[in-house]
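First up is the structure itself, then whatever we jot down about it.
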Amino acid sequence: MSLGIQRNDQVVVIAGKDRDLKKQRRVLSVDAEKGRVLVEHVHVIKKNVRPNPQRNIKGGIAEQEAPVHISNVQLVCPNCGPTRVGHKLEGDKKVRVCKKCGNEIATKGKKK
C-alpha cells in the first residue's frame, strides 16, 4: 500500500481529541501494515513504568505518544497548506504530488 505520509513530514491532525488545524506536527514513524502513524505531541498517553536499576530507569508514570490512524492526519504542503496527496510517475520514479497546487512534495532520501 502506498501511503502519502512519510517519516519527518509535517502533518495536521484533522480528527480526534487532538484536532488542531493550525498546529503542524512532525511524523515520528509510520506503520504501513496497520495504517497508523506516530505524531509528535499527539495522542499522549500515560504509562506505568517499573524501575530497573540495571538500565537506570526510574519507576513511575511516564507519558508517551501512541499511534494515530493515518486517516486522522493530513500532509502539509510547503506552498499551500494542508492537502491531499497524489502520486505521479516521473521516468521510473514515483513521486508525491500536492492535489491543490500540483507541485512535487519533497521526499527524504532513504539510506541504502
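The values are calculated or read from the model by the stated rules, or taken from the named source; none is laboratory data. Note that this is a predicted model, so its numbers are computed, not measured. A quick note on method: Cβ atoms are made from the backbone with ideal geometry, for glycine too, and the neighbour counts reach across all protein chains shown. Please note that ligands, DNA and RNA were not included when accessible areas were found on the heavy atoms of the full protein model with its side chains. Shrake-Rupley method; radii C 1.70, N 1.55, O 1.52, S 1.80 Å.
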remark   = Scanning segment 87-103 for residues that are surrounded by 12 or more Cβ atoms within 10 Å (Cβ to Cβ), without any contact (Cβ under 8 Å) to a residue 40 or more places away in the chain and either of a type in the set (F, W, Y) or in contact with a strand residue (DSSP E or B) (Cβ under 6 Å, 6 or more places away or on another chain) (or both) gives V95, V97, C98, K99
Pair list, Cβ under 7 Å, 6 or more apart: segment 36-51 residue at negative phi and in contact (Cβ under 8 Å) with a residue 60 or more places away in the chain, other residue open to solvent by less than 60 Å² (accessible area, probe 1.4 Å) and assigned to a strand (DSSP E or B) = none
note = When (1) of a type outside the set (A, V, I, L, M, F, W, C); (2) within 21 Å of R84 (Cα to Cα); (3) assigned to a strand (DSSP E or B) are applied to R7, the one that fails is (3)
request  = Kindly provide the set of residues from segment 66-89 that are part of a strand (DSSP E or B) and under 12 Å from the mean Cα position of the chain (by Cα), ordered by number.
outcome  = V68, H69, V73, Q74, L75, V76
ask   = Which condition number in (1) assigned to a strand (DSSP E or B); (2) touching a residue at least 40 places away in the same chain (Cβ under 8 Å); (3) aliphatic (A, V, I, L, M) is the one that A15 fails?
value = (1)
message = Just the residues that are within 20 Å of I5 (Cβ to Cβ) and not in a strand (DSSP E or B), please, taken from segment 37-64.
response = E40, H41, V42, H43
G35 vs. criteria of a type outside the set (S, T, Y) and either under 19 Å from G86 (Cα atoms) or surrounded by 15 or more Cβ atoms within 10 Å (Cβ to Cβ) (or both) = yes
message = As an exercise: evaluate K58 against (1) modelled with pLDDT of 95 or more; (2) open to solvent by 40 Å² or more (accessible area, probe 1.4 Å) and give the number of the one condition it does not meet.
response = (1)
ask   = Restricting to segment 61-73, what's the tally of residues that are touching a residue at least 40 places away in the same chain (Cβ under 8 Å) and open to solvent by 50 Å² or more (accessible area, probe 1.4 Å)?
value = 1
